[in-house]
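To keep things clear, I will list the structure first and then write my remarks on it.
The values are calculated or read from the model by the stated rules, or taken from the named source; none is laboratory data. All figures in this text were calculated on a predicted structure; none of them were measured in a lab. Ideal geometry is used to build each Cβ from the backbone, glycine not excepted, and the neighbour counts take in all protein chains shown. Calculation scope for accessible area: heavy atoms of the full protein, side chains included, ligands and nucleic acids excluded. Shrake-Rupley method; radii C 1.70, N 1.55, O 1.52, S 1.80 Å.
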Amino acid sequence: MAGVKLFTALLVVFVTIGGQWAAAQVHHVVGGDGGWNPSSNLGSWSSGRTFRIGDKIWFTYAAAQEKIVEVKSMKEYLTCDVTNPIRMFTDGLDEVALESEGARFFTSGSLDNCKNGLKLHVDVKPHETAMAAGPTPSAAVHITGLPCMALIGLLLCSITGL
């Protein structure tokens, strides 16, 4: 009988979280310790890094000297054309949630800095479930699915009478 209750509890949790195991969210600080500045090698920083739906990227920069512009297309990104931005970041510490799959393009608001490589192309991949093993970015902060685990624990305790 306990096995049936446990199976039912796990089934309820599985359905509650949408039929997928909760994935870890990764916070990427663009440029690492150097942040977003002309001396950062963003190409090197981003190579080998995987960006997934639900992750966040953080831009840290000197707001008095720089602004970051999100542009729509690869052409605007490559040519540093910031005349029709999607969004501008000017606070010095900006968080960008990666909410959908696809390409995102960020450039310096300074034409000279952009032409000298201060720009970032992010290719956002689908969720990776916790059951699948994969590489983890080395300079990232992980936020695990603690609320989901708490829910599982509460369900198990209530079913087993603990």
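Points to keep in mind about this one:
- Condition met for Val29 (modelled with pLDDT of 95 or more and either of a type in the set (D, E, K, R) or open to solvent by less than 50 Å² (accessible area, probe 1.4 Å) (or both)): no
- Checked against (1) modelled with pLDDT under 60; (2) farther than 24 Å from Asn41 by Cβ; (3) buried (at least 16 other Cβ atoms within 10 Å of the Cβ), Pro137 meets all criteria but (2).
- Check on Arg87, closer than 20 Å to His127 by Cβ, of a type in the set (Lys, Arg) and modelled with pLDDT of 95 or more: no
- The range 38-56, residues that are open to solvent by 40 Å² or more (accessible area, probe 1.4 Å) and closer than 17 Å to Asn113 by Cα: Pro38, Ser39, Asn41, Gly43, Ser44
- Residues of the range 64-74 classified as of a type in the set (A, V, I, L, M, F, W, C) and surrounded by 14 or more Cβ atoms within 10 Å (Cβ to Cβ), total: 3
- Against the list (1) farther than 18 Å from Arg104 by Cα; (2) small (Gly, Ala, Ser); (3) at pLDDT 95 or above, the condition Ala24 fails is (3).
- Selection status of Ser73, at pLDDT below 95 and out of contact with any helix residue (DSSP H, G or I) (no Cβ under 8 Å at 6 or more places or on another chain): no
- Counted residues, the range 75-127 - those being in contact (Cβ under 8 Å) with a residue 12 or more places away in the chain, among the hydroxyl-bearing types (Ser, Thr, Tyr) and surrounded by fewer than 19 Cβ atoms within 10 Å (Cβ to Cβ): 3
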